[in-house]
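Input: a single structure, listed below in structure tokens.
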Amino acid sequence: GILRSFRSVGVGGVGWYRPYSSAAPTTKLVINGKFVESKTTNFIDVHNPATNEVVTRVPQTTDGEMEAAVEAAREAFTDWSDTSVLTRQQVMFKYQQLIKENIHELAKTITTEQGKTLMDAEGDVLRGLQVVEHCCSITSLQLGETMPCISKDMDAHSYRVPLGVCAGIAPFNFPAMIPLWMFPVALVCGNTYIFKPSERVPGTSMLLVEMLHEAGCPKGVVNVIHGQHQAVNFICDNPHIKAISFVGSDQAGRYIYERGSLNGKRVQSNMGAKNHGVIMPDANKESTLTQLVGAAFGAAGQRCMALSTAVFVGEAKEWIPELVERSKKLRVNAGHLSGADLGPVISPQAKERINTLVQSGIDEGAKCLLDGRDIVVPGYENGNFVGPTILSDVKPDMQCYKEEIFGPVLVTLSADTLDDAIKVINDNPYGNGTAIFTTNGATARKFTNKIDVGQIGINVPIPVPLPMFSFTGSRGSFLGDANFYGKAGINFFTQLKTVTQMWRETDVTPTQSATAMPV
Ligand code: NAD
């Protein structure tokens, strides 16, 4: 077993669903392979969203500690970037095994800090694990290109070499998957890393980084700092950090993209979304409704690929009452309890914001067909629960349509034709994901061609690409050039070095120096 050393032991102990006392354990930093207590006096409380009890306290890492983390990463880069690709691959082989062996523990940590159900939390780990498994193919992924005989006795080849120290800033909603989009890809390419987990869900990242060390990753290769704005600004400004991966809200994403880019760094920034599902009248009704309910309310709607907006085309809108009936059957409960379909949202503020957006929809003329705002979960009265909520007759100028709600709220619109539905989606600034439900291939093909969204599902409600592809959200949902994971991820974490070489068996010394451009 792994020695869990990422947290101090508070008075309440470290049981995962036990109530914690006010002397909650602090979460440590990882600097140069050591799990250390921060010297800061500023901590952020992390609450269990089902109870609002404090789980842990996260340090606002001091500047000196963040500098030390970067120094460790710089120093580690010299050896790590020179390590054989087979050695890095071996670390990934061991790492994927350790993640599999510890999946239940990881899932429990996710449920405690983030709130989602245990089964969903395992899915969170598994989708990240797939990226680690893909990293095991680094021996093919990092191949360069060669071209012999580009001129007389001359050949050229290009290497994909690491960038140096890279950094990642993660959101709260996928405590395992999104960190695993970041540092494994970076380090398997030979980079070293500064990782800043979401200050709301630090525990899973700590477990993952602990397992990475257990897998043989040398000290200093991955360091963890915690905090909010100060830590983000440090990452954006530190001259030794070459690239930043960000996933989270629009506001933070644009800020980090701009500040990091101004400082000459590569930045990839995945941001918010408003994902539309188009329901054609020819769709398979049973499977479409089943999928819609899961994709709208799973993880309490706190997925960047949640299907939060349904556009019913023509007669398909007659299915809405049945959608409401099915949604009523979902069980809202603390995520660790068996049978829960959705858990709480992340914070009381998030709940308040969701409820306000629902009310704004009603005030602006939408109909509330299912209202989960006043739900009380017995035994968990202090939790941030919102039940499945459905607004119909929503129009694109309503606030509940324009904003990402990020809660268990499905807004529904009607359209007369497929073209009208496509127009609504293409007029929306976001381009993360969309789906169409139809049994007609020509309809699906037209949708795919005309829609300006980066990830499309055909009878698939949440089309998150597997890691042999990349996460290709577009337009308002992404800033940068290279997407996360897959080939694009390898490109993001490497730069090309191109060698042009001449070797002649008998050296023919030119009689004159060439001053014109060689052709
Ligand atoms: P968030 O932006 O609040 O936090 C993300 C990270 O940014 C955290 O580490 C946080 O410390 C930092 N941060 C927060 N506000 C900041 C600010 N003003 N300046 C600088 N840094 C700041 O996001 P969140 O609430 O944790 O996550 C939810 C959001 O993430 C949703 O909008 C969701 O759609 C989006 N998301 C997108 C994807 C994607 O791949 N497109 C995936 C998951 C989540």
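The values are calculated or read from the model by the stated rules, or taken from the named source; none is laboratory data. Treat the numbers as computed from the prediction; the structure is a model and nothing was measured. Every residue, glycine among them, receives a Cβ derived from its backbone with ideal geometry; neighbour counts consider all protein chains shown. All accessible areas refer to the heavy atoms of the entire protein, side chains included, with ligands and DNA or RNA removed. Shrake-Rupley method; radii C 1.70, N 1.55, O 1.52, S 1.80 Å.
Do the conditions hold for Cys236, that is, is it open to solvent by 40 Å² or more (accessible area, probe 1.4 Å) and free of Cβ contacts under 8 Å to residues at least 40 places away in the same chain? Break it down into steps so the answer makes sense when it comes.
Working: open to solvent by 40 Å² or more (accessible area, probe 1.4 Å): no; free of Cβ contacts under 8 Å to residues at least 40 places away in the same chain: yes.
When the stated conditions are applied, Cys236 does not pass them.
Within the range 482-519, can you find the residues that are of a type in the set (A, V, I, L, M) and either touching a Lys or Arg at 6+ places or on another chain (Cβ under 8 Å) or over 23 Å from Ser261 (Cβ atoms) (or both)? Once the filter is applied, which keeps residues that are of a type in the set (A, V, I, L, M) and either touching a Lys or Arg at 6+ places or on another chain (Cβ under 8 Å) or over 23 Å from Ser261 (Cβ atoms) (or both), the range 482-519 yields Ala482, Ile490, Leu496, Val499, Met502, Val508, Ala514, Ala516, Met517, Val519. Residues in the range 119-154 that are acidic (Asp, Glu), in contact with a Phe, Trp or Tyr (Cβ under 8 Å, 6 or more places away or on another chain) and outside any helix (DSSP H, G or I): Asp153 alone.
Within the range 94-148, the residues that satisfy the criterion of being open to solvent by 10 Å² or more (accessible area, probe 1.4 Å) and of a type in the set (A, V, I, L, M, F, W, C) are Leu98, Ile103, Leu118, Met119, Leu126, Cys136, Leu141, Leu143, Met147. Going by the conditions given, is Gly272 near the ligand (Cβ under 9 Å from one of its atoms), in a loop (DSSP other than H, G, I, E, B) and in contact (Cβ under 8 Å) with a residue 60 or more places away in the chain? So Gly272 passes the test. Among the residues making up the range 462-480, a single one is touching a Lys or Arg at 6+ places or on another chain (Cβ under 8 Å) and either of a type in the set (Ser, Thr, Tyr) or more than 13 Å from the ligand (Cβ to nearest atom) (or both): Ser470. Listed by first and then second residue, the pairs linking a residue in the range 165-177 that is more than 9 Å from the ligand (Cβ to nearest atom) to a residue that is assigned to a loop (DSSP other than H, G, I, E, B) and aliphatic (A, V, I, L, M), with Cβ atoms under 7 Å apart and 6 or more places separating them unless they lie on different chains, are Pro175/Val201.
You will find that of Gly454, Gly433, the residue that is within 15 Å of the ligand (Cβ to nearest atom) and in contact with a Phe, Trp or Tyr (Cβ under 9 Å, 6 or more places away or on another chain) is Gly454 and no other.
Of all the residues in the range 465-519, those that are β-branched (Val, Ile, Thr), open to solvent by 100 Å² or more (accessible area, probe 1.4 Å) and more than 47 Å from the chain's Cα centre (by Cα) number 4. The set of residues in the range 250-269 being touching a residue at least 40 places away in the same chain (Cβ under 8 Å) and open to solvent by less than 60 Å² (accessible area, probe 1.4 Å) consists of Asp250, Ala252, Gly253, Ile256, Val267, Gln268, Ser269. When Val232 is tested against (1) under 22 Å from Val201 (Cβ atoms); (2) away from the ligand (no atom under 16 Å from the Cβ); (3) not polar (S, T, N, Q), just one condition goes unmet, and that condition is (2).
Looking only at residues of the range 280-305 that are open to solvent by 40 Å² or more (accessible area, probe 1.4 Å) and of a type in the set (Ser, Thr, Tyr), we find that the one that is farthest from the ligand (Cβ to nearest atom) is Ser287. Where the second residue is open to solvent by 60 Å² or more (accessible area, probe 1.4 Å) and the first is on the phi > 0 side of the Ramachandran plot and lies in the range 39-54, which pairs have Cβ atoms under 8 Å and are six or more apart or on separate chains? Short answer, once both residue conditions are applied: Asn52/Pro348; Asn52/Asn382. None of Met182, Met147 is out of contact with any Pro (no Cβ under 7 Å at 6 or more places or on another chain) and within 12 Å of the ligand (Cβ to nearest atom) except Met182. If I go through the range 354-382 residue by residue, how many of them are part of a loop (DSSP other than H, G, I, E, B) and either without any contact (Cβ under 8 Å) to a residue 40 or more places away in the chain or touching a Ser or Thr at 6+ places or on another chain (Cβ under 6 Å) (or both)? The number of residues fulfilling the criteria is 10.
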